[in-house]
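Data block below; observations after.
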Amino acid sequence: MAQDIVVLGIFAADTAYRAERMPAVGETVAGRDFALNAGGKGSNQAVAAARAGGSVALLTKIGRDTFAALADETWDEAGVTFAGTRVADAPTGAAFIFVDDATGDNAIIVTPGAAGTISPADVEGWGETIRGARVLVTQLEQPLAAAHRALAVARESGVRTILNPAPATELDDAMLALCDVITPNGIEAAQLTGIAVDGPESAGEAARALVARGAGAAVVTLGAEGAVLHDGTETRHVAGRIAGEVVDTTGAGDAFNGTLALALSEGWDLSRALDFANAAGALSVTRPGAAPSMPHRAEITALLG
Ligand code: RIB
């Protein structure tokens, strides 16, 4: 059975440390708390889309190890179909997450493991899954060439494309032209355009620059301030939502992107979809962890009132 939403990306086991501050090199700092959570931007986005009510396939590579078991458990629980590949000669991805105990802000080191070997040929092999979807979403934690190929396969078959350019890297105009929607956060938008993003106005400027280079629409996310959209005709600020105290911001962007994909797969217009995605992001920061923090559809609609 085909899934409406297909996500290309990585799974990572997040080893999350809550502490007052990051240690300096050579220093040891006592932590407040530790958790092992499911993470990886692609997997988080797939979980977010599934919890919000979507039928979702995830294209990735994982190993045959303890962290792969965490991946399977996470996808089973969320109802995500794993449509990728298991390999015996590489580990499943893993990430170090520092969570600032006072603010909930995070700093991350991620290693994709087996997913770091995803190639354009792998993507070709997964072509049927992509062609059967309504929306494809990908990020840049797996090799850039694989993301590029997935966007191209989707575009050739009329599947709507979302690129979440995280972590940001240089993108050529040919790749931008394959994106129906590109969704950098403020830092990524600045890295991609050279425009310092410090609020809705500069976010709009960066969004317009990305559309001028070929993207169909650009959405610059601004955390609690919401998101700024330029769709080629007009620039609009969709205000953020508040769902409670910020506990942990890890995965907020993934909650946003996964639920944006879900909303677009249901045919919503971008402004309504962004309000829904903002609400999902706002809920996710009130809970610890990445995948575990993804909200269910009923919670999102309740917040929207
Ligand atoms: O976006 C948050 C995610 O980034 C974490 O779950 C971590 O695994 C990294 O991929």
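Annotations
Residue-wise test of (1) within 16 Å of the ligand (Cβ to nearest atom); (2) farther than 30 Å from R32 by Cα; (3) in contact with a Pro (Cβ under 7 Å, 6 or more places away or on another chain); (4) without any contact (Cβ under 8 Å) to a residue 24 or more places away in the chain.
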{"residue": "A107", "(1), (2), (3), (4)": "yes, no, no, no"}
{"residue": "A114", "(1), (2), (3), (4)": "yes, yes, yes, no"}
{"residue": "L140", "(1), (2), (3), (4)": "yes, yes, yes, no"}
{"residue": "A152", "(1), (2), (3), (4)": "no, yes, no, no"}
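- Leading residue by the ranking (farthest from V6 (Cα to Cα)) among those in region 234-258 that are within 14 Å of the ligand (Cβ to nearest atom) and β-branched (V, I, T): T249
- Taking region 1-97 and the strands (runs of 3 or more DSSP E) fully enclosed by it, the elements with 3 or more residues that are of a type outside the set (S, T, N, Q) and surrounded by 19 or more Cβ atoms within 10 Å (Cβ to Cβ) are at 5-8, 12-19, 56-59.
- Inclusion of A261 among residues that are within 17 Å of the chain's Cα centre (by Cα), within 16 Å of the ligand (Cβ to nearest atom), under 24 Å from A133 (Cα atoms) and not in a loop (DSSP other than H, G, I, E, B) is warranted.
- Residues in region 67-83 that are under 17 Å from T117 (Cβ atoms) and within 16 Å of the ligand (Cβ to nearest atom): F67, A68, A71.
- Residues in region 83-93 that are under 16 Å from the mean Cα position of the chain (by Cα) and more than 16 Å from A146 (Cβ to Cβ): none.
- Only one entry of V6, V47 meets the criterion of being away from the ligand (no atom under 15 Å from the Cβ), modelled with pLDDT of 95 or more, in contact with a strand residue (DSSP E or B) (Cβ under 9 Å, 6 or more places away or on another chain) and within 18 Å of A277 (Cα to Cα), and that entry is V6.
The values are calculated or read from the model by the stated rules, or taken from the named source; none is laboratory data. Worth saying up front: this structure is predicted, and the values here are computed from it rather than measured. Quick reminder, even Gly has a Cβ in these numbers, built from the backbone with ideal geometry, and neighbours come from all protein chains shown.
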